[in-house]
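Asker: I have a structure here, written as structure tokens, and I will follow up with some questions on it.
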């Protein structure tokens, strides 16, 4: 997969976490035994959940893999770049220690006959590899934006080992999603997107093309939900402990019913290798973004121009708030919509158009899903005083981490 790096050397591009057969069998045996004789301290709903797990008698993921593996493919995108542009952008990358440049897996798919093997000295051919999956029988498919960044077309290697040309219909660097289209067939095996957010602790088989080795499946569990990593753009990520590796970016993660719960997008790692902390874009986001990419090729996200943090309990007491909720404004963009509207650092935004904001992620989601130019009424607490601020959203800039993710 293509590689994304952020913060303390966070390597992006998800893969999946492998669970060996013995460990899995032992875990299931332990759950089944526990479910047969639950402790009295468990609630009735918890006991019912354990019995439900035991009744599924999950011995392997083989049936799920057989059903969904044909929907997943390897994707390769190529882009010729000017040497001068590379040098200029390299200088920019070097100045940003939080986003170091990455390299891509060597090409494995054949080079088209009309593509020169050796570009001119002033231009070089960059190759990005990742994963993707079909969402409809007529050839529409999803991958990460950073996998096909700035490319107009790509090649995919399907599970049946056939190679297809794919057009890049549209990309959304903010959510790191891209829509591809393969023509010529109406019978591609395709996935179903999940309607619900997976529960923490749910099993997750993940698929991808790690290091260009070919179709690979790994497994883990949902470790957390609604993660915001603070690296720019809108995020509401699912955290999974399945090991994700380079080449897995854009691959799907499934629930045990074979529905896609997320699109693998990045990992967190101090070394650049998988340590079992990976992140997937929720199916809910895919359902929102992909139709817009299909219709327009782009997605316009609303932008408030603030950096937010969770509400500290001691600050809630100091402000006289009854509940520890809201989004704490810690920094503003000088020319951003919030600053122009009079929002200040230290303000706590408690509702938008009358809808309560429980945490910072709620505000980010509400703003990102609103169109630029939308007017919002914000309820704000400042120095124990309640204020109402009207703000008009601007268009969200493309986060630098997204535009450089594939280098």
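No value in this document is a laboratory result; all are computed from the given coordinates. Quick caveat, the model's predicted, so the values are computed rather than measured. Counting neighbours? That spans all protein chains shown, and the Cβs are built from the backbone with ideal geometry, glycine included.
Asker: Which order results if 229, 332 are arranged by neighbouring Cβ count within 10 Å, fewest first?
Answerer: Listing 229, 332 from fewest to most nearby Cβ atoms yields 229, 332.
Asker: Moving on to the next point. How do the peptides 170-176, 385-391, 336-342 rank, highest first, by the average count of neighbouring beta carbon atoms within 10 Å per residue?
Answerer: 170-176, 336-342, 385-391
Asker: Something else about it: Checking the a/c ratio against 1.5 first, then a/b against b/c, what shape does the Cα gyration tensor give for the stretch 302-395?
Answerer: Verdict is prolate for the stretch 302-395.
Asker: Give the calculated FRET efficiency between residue 383 and residue 60 to the nearest 0.05, with a Förster radius of 56 Å applied to their Cβ-Cβ distance.
Answerer: Efficiency computed from Cβ-Cβ geometry: 0.40.
Asker: By how many nm would the segment from residue 67 to residue 390 lengthen if fully extended, with 0.36 nm per residue of separation less the alpha-carbon distance?
Answerer: Contour length minus Cα-Cα distance gives 111.2 nm.
Asker: Mean separation of Cα pairs under 8 Å and 6+ residues apart, divided by the residue count of the stretch 302-395: what relative contact order is that in percent?
Answerer: 32
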